[in-house]
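*Asks:* Starting off with a structure, shown below.
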Amino acid sequence: MMPTNLEYDAPCIQKKRHIGNDFVNIIFNNSGLPFSFDTFPSDFNYVYIVITPEARATFVETRARARQDGQDQFYKVQ
C-alpha cells in the first residue's frame with residue numbers, strides 16, 4: 001500500500017528499500033492465508049506483529065460483514 005510512481009521508478013526500488021530493515025514489522029494480513037515469516041528476509045527483523053481479521057463466523061462472512069457496516073470486527077494479533 002506504499003505509494004508507487006511507476007513512471008520514475010518502474011522496478012519499485014525506492015519503495016522496496018524500506019522493507020526488511022526494521023527491528024519490528026507490523027503486518028496486516030487480510031489474505032485469509034497464514035503469514036509466512038520468511039517473506040521479508042533480513043538480519044534485522046526481530047519482532048513480527050501480524051494482525052488478522054477474525055470472527056466467530058467463517059473468514060468469507062467476516063470480510064463481507066466488514067464491507068457492510070464496519071462494526072463488530074474482531075482481530076487476531078500474533
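Here is a yes/no grid of residues against (1) at pLDDT below 70; (2) within 12 Å of the chain's Cα centre (by Cα):
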{"residue": "Glu7", "(1), (2)": "no, no"}
{"residue": "Pro11", "(1), (2)": "no, no"}
{"residue": "Asn25", "(1), (2)": "no, yes"}
{"residue": "Phe37", "(1), (2)": "no, yes"}
{"residue": "Glu61", "(1), (2)": "yes, no"}
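*Asks:* Cβ contacts < 7 Å: first residue closer than 18 Å to Lys15 by Cβ and assigned to a loop (DSSP other than H, G, I, E, B), restricted to the range 31-48; second residue modelled with pLDDT under 85 and of a type in the set (A, V, I, L, M), any location; separation 6+ or different chain. Result?
*Replies:* Filtered contacts from the range 31-48: Phe40/Ile19.
*Asks:* Does the range 23-55 hold any residues that are of a type in the set (Ser, Thr, Tyr) and surrounded by 14 or more Cβ atoms within 10 Å (Cβ to Cβ), and which are they? Let's see the steps before the verdict.
*Replies:* Just the residues of the range 23-55 that are of a type in the set (Ser, Thr, Tyr), to begin with: 31, 36, 39, 42, 46, 48, 52.
Those that are of a type in the set (Ser, Thr, Tyr) and surrounded by 14 or more Cβ atoms within 10 Å (Cβ to Cβ): Tyr48, Thr52.
*Asks:* Further question: Can you name the condition, by its number, that Lys15 falls short on among (1) modelled with pLDDT of 85 or more; (2) more than 18 Å from Val77 (Cα to Cα)?
*Replies:* Going through the list (1) modelled with pLDDT of 85 or more; (2) more than 18 Å from Val77 (Cα to Cα), Lys15 breaks only (1).
The values are calculated or read from the model by the stated rules, or taken from the named source; none is laboratory data. Values in this document were obtained by computation on a predicted structure and should not be read as measured data. Note: ideal-geometry Cβ built from the backbone for every residue, glycine included; neighbour counts use all protein chains shown.
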